[in-house]
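This report concerns only the one structure given below.
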Amino acid sequence: MCGIVGYIGKQTVKPVLLEGLKRLEYRGYDSAGIAVFTEEGFKVTKTTGRVAGLTRLTAREPMKGTLGISHTRWATHGGVTEANAHPHVSSDGKIALVHNGVIENYNDMKRFLKEKGYTFSSETDTEALSNLVAYHYAKEPPATNGKSRLFIAVRKALRHVEGTYGVAVMCTDYPDELIGARKGSPLIVGVGQGEYLLASDVSAIVTHTSNVVYLKDDEVVSIKRDGFQVVTTNEDGVEAKIDKISWNVEDAELGDFPHFMLKEIFDQPASLENAMRGRFSDDGSTAKFGGLNMTPRELRQIDRILFTACGTAWHACLVAEYLIERFARIPVEVEYASEFRYRNAPLDKNTLVFVITQSGETIDTLGALREAQRKGYKALAITNVVGSTIARESDGGIYQHAGPEIGVASTKAFTSQIMIAAMLALYLGRLRDMSFADGVVMVQALKSVPDYVRKILDQADRIHAIAKRYAHHADFLFLGRQAMFPIALEGALKLKEISYIHAEGYPAAEMKHGPIALISEECPSVFFAMSGENWQKVVSNIQEVKARKGKVILVHSEECPIPEDLADETIVIPEAHESIMPVLATIPVQLLSYYIAVERGCDVDKPRNLAKSVTVE
Ligand code: F6R
């Protein structure tokens with residue numbers, strides 16, 4: 001959702017900001033804008049639509065300056081219009097501000113500010129904040145205690161905000177100062193050589209520097225050309241820690257791929273390898289994790305695990321439930337984070353809470369984590385983004401090390417989450433009943449995943465051909481049993497989010513209890529059948545679909561004895577250990593969804609209405 005890029009340094013700011021915005025496009029947005037501090041005052045350009053449009057518009061504008069702020073907006077308050085796009089300049093012309101998040105008390109602010117003579121030209125909550133900063137600025141004496149009048153005014157204004165914000169602020173009187181602040185919406189400071197950036201995430205700054213300060217909630221930073229100072233909205237003297245970003249520029253670039261989603265699908269042998277690196281015991285019989293912050297003895301005392309997340313990460317929780325119950329014999333519950341945080345669920349004393357989140361910033365997942373901690377539970381996180389809010393606030397956890405995921409539809413992050421779930425099942429299993437020998441077998445199986453995934457990726461052309469034959473359909477069902485049920489849900493979600501085709505995932509047996517009414521020649525079903533206890537049952541479900549003239553695309557494991565001519569299309573995946581089949585079965589449906597979306601001419605990496613990191617409730 002919304003992206004912020006701010007810059008102060010030696011370079012001409014316009015191209016720096018536009019390049020940063022381009023790199024934040026994946027977060028999802030519907031309008032964009034830029035404000036540059038020039039000798040003639042702020043030069044502001046805004047537009048609805050893409051950053052490419054903004055680049056064209058600003059091409060004619062000199063916009064000479066080395067300080068500026070910019071924004072991609074995902075509409076919350078007020079429609080997608082140029083007036084509502086950021087930056088918002090206060091009605092006295094002094095303050096320019098960009099904002100991520102939601103200011104819940106903006107109506108009260110607006111009423112107050114109107115009485116004071118400030119005027120409004122947009123429907124946004126953000127404009128109330130730019131005017132509120134201007135109001136405090138007008139009241140402030142020139143400078144106090146080494147802090148500029150601007151710094152103090154922003155700090156004072158933010159004390160009145162109810163809601164969430166990440167902001168970047170400039171003032172016409174301060175050509176050498178950029179202010180940033182956050183609460184609930186991520187904001188980082190890139191620390192370069194004689195230059196600084198403010199950004200919503202690291203992808204906007206990796207081309208400039210790998211040194212970064214992750215601001216915490218309530219922190220306000222004043223950045224000058226020769227250094228920066230961090231305070232909170234109420235207290236001075238915050239010590240800012242400079243971290244190193246581990247991602248590099250190539251990670252965040254397309255290379256030879258037409259879309260990030262395809263690049264990330266093909267990244268999976270490497271991202272899965274990275275999820276495992278250094279995480280097996282020397283005797284090769286179990287997994288090990290450095291950051292759980294729990295001793296084996298403490299983990300032995302857990303008698304229930306609650307997994308919570310949103311969207312695709314919630315599907316990963318369902319896979320974790322299956323794997324942990326199967327291999328570690330610990331009861332697992334799965335909850336949507338948005339439900340858990342407000343449901344006031346009674347939890348058993350010995351419950352361990354796990355959140356799963358690629359971005360580490362999803363607001364509902366963060367809310368669920370905080371709620372669990374408030375109730376006194378240990379809450380751990382499986383997350384991809386180092387330094388993210390959830391990574392910092394959790395009591396411990398496991399990093400995915402999948403590299404940046406830029407495609408809005410999650411692919412490599414999902415498989416790395418379910419890989420980690422399998423490793424966790426192994427680890428917890430070995431702390432309980434799983435034998436050394438079974439542990440060794442499972443470790444070997446996990447290590448073979450990247451090669452198996454490569455073999456499935458080799459079938460991309462074949463899957464593309466299937467996609468061409470089915471891309472015109474308006475409805476799809478995805479059906480699987482046991483660990484394949486969450487993969488069915490994930491397949492349906494992938495297809496609908498990037499191709500806008502209506503798709504539903506169900507446990508295969510549930511089909512008879514309603515969805516079977518949808519079956520016709522016009523509604524194909526994607527089935528999953530793996531060797532093991534249930535494949536005959538899946539075959540029966542397929543036959544029920546065929547009997548109603550439904551078309552079937554079947555993803556099955558190599559040795560699963562599927563009757564000939566049962567399905568209209570088959571995609572065969574390697575026969576492997578049960579624990580890794582969810583990862584393997586995911587790859588074909590990622591490719592299928594991708595190619596169907598491409599066939600339909602959809603903007604795969606920027607699907608309509610979607611945001612990569614959902615930082616509003
Ligand atoms: C779907 C997708 C979303 C995210 C969800 C949670 O492809 O990407 O459903 O999985 O918004 O995001 P994170 O994992 O960042 O918490």
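The values are calculated or read from the model by the stated rules, or taken from the named source; none is laboratory data. What you are looking at is a predicted structure, and each value in this text was computed from that prediction instead of being measured. Here Cβ is always computed from backbone atoms with ideal geometry, including for glycine, and neighbour counts include all displayed protein chains. Just the protein is used for accessible areas: all its heavy atoms, side chains included, with ligands, DNA and RNA removed. Shrake-Rupley method; radii C 1.70, N 1.55, O 1.52, S 1.80 Å.
Annotations
- Some residue of segment 330-343 being away from the ligand (no atom under 16 Å from the Cβ) and part of a loop (DSSP other than H, G, I, E, B): yes
- Search result, residues across segment 432-447 that are open to solvent by less than 40 Å² (accessible area, probe 1.4 Å) and in contact with a Lys or Arg (Cβ under 8 Å, 6 or more places away or on another chain): Gly439
- Looking only at segment 306-327, and only at residues there that are part of a helix (DSSP H, G or I) and small (Gly, Ala, Ser), the one that is nearest to the ligand (Cβ to nearest atom): Gly311
- In this entry, Phe478 is excluded by the filter for residues that are open to solvent by 10 Å² or more (accessible area, probe 1.4 Å) and at pLDDT 95 or above.
- For segment 1-27, the set of residues classified as touching a Phe, Trp or Tyr at 6+ places or on another chain (Cβ under 8 Å) and under 22 Å from Leu215 (Cα atoms) consists of Met1, Cys2, Gly3, Tyr7, Ile8, Gly9, Val16, Leu17, Gly20, Tyr26, Arg27, listed by residue number.
- Among the residues of segment 559-573, those identified as open to solvent by 10 Å² or more (accessible area, probe 1.4 Å), of a type outside the set (S, T, N, Q) and modelled with pLDDT of 95 or more are Ala567, Asp568, Glu569, Val572.
- Of all the listed residues (Gly291, Gly278), the sole one being exposed (fewer than 15 other Cβ atoms within 10 Å of the Cβ), touching a Phe, Trp or Tyr at 6+ places or on another chain (Cβ under 8 Å) and assigned to a loop (DSSP other than H, G, I, E, B) is Gly291.
- Counting only residues that are in contact (Cβ under 8 Å) with a residue 60 or more places away in the chain and among the aliphatic types (A, V, I, L, M), segment 63-92 holds 2 of them.
- For segment 162-196, the tally of residues that are under 19 Å from His88 (Cα atoms), surrounded by 24 or more Cβ atoms within 10 Å (Cβ to Cβ) and of a type outside the set (D, E, K, R) stands at 12.
- The set of residues from segment 574-615 being farther than 16 Å from Leu24 by Cα, of a type in the set (Val, Ile, Thr) and open to solvent by 10 Å² or more (accessible area, probe 1.4 Å) comprises just one member, Val598.
- The listed residue being touching a strand residue (DSSP E or B) at 6+ places or on another chain (Cβ under 6 Å) and at pLDDT below 95, out of Pro515, Pro524: Pro515
- The single condition among (1) of a type in the set (A, V, I, L, M); (2) over 24 Å from Ile487 (Cβ atoms); (3) not in a loop (DSSP other than H, G, I, E, B) that Ala270 does not meet is (2).
This table checks each residue for (1) outside the structural domain of Leu215 (by TED's automatic domain parsing); (2) out of contact with any Asp or Glu (no Cβ under 8 Å at 6 or more places or on another chain); (3) surrounded by 21 or more Cβ atoms within 10 Å (Cβ to Cβ).
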site: Ile8; (1), (2), (3): no, no, yes
site: Gly68; (1), (2), (3): no, yes, yes
site: Thr76; (1), (2), (3): no, no, no
site: Gly93; (1), (2), (3): no, yes, no
site: Lys116; (1), (2), (3): no, yes, no
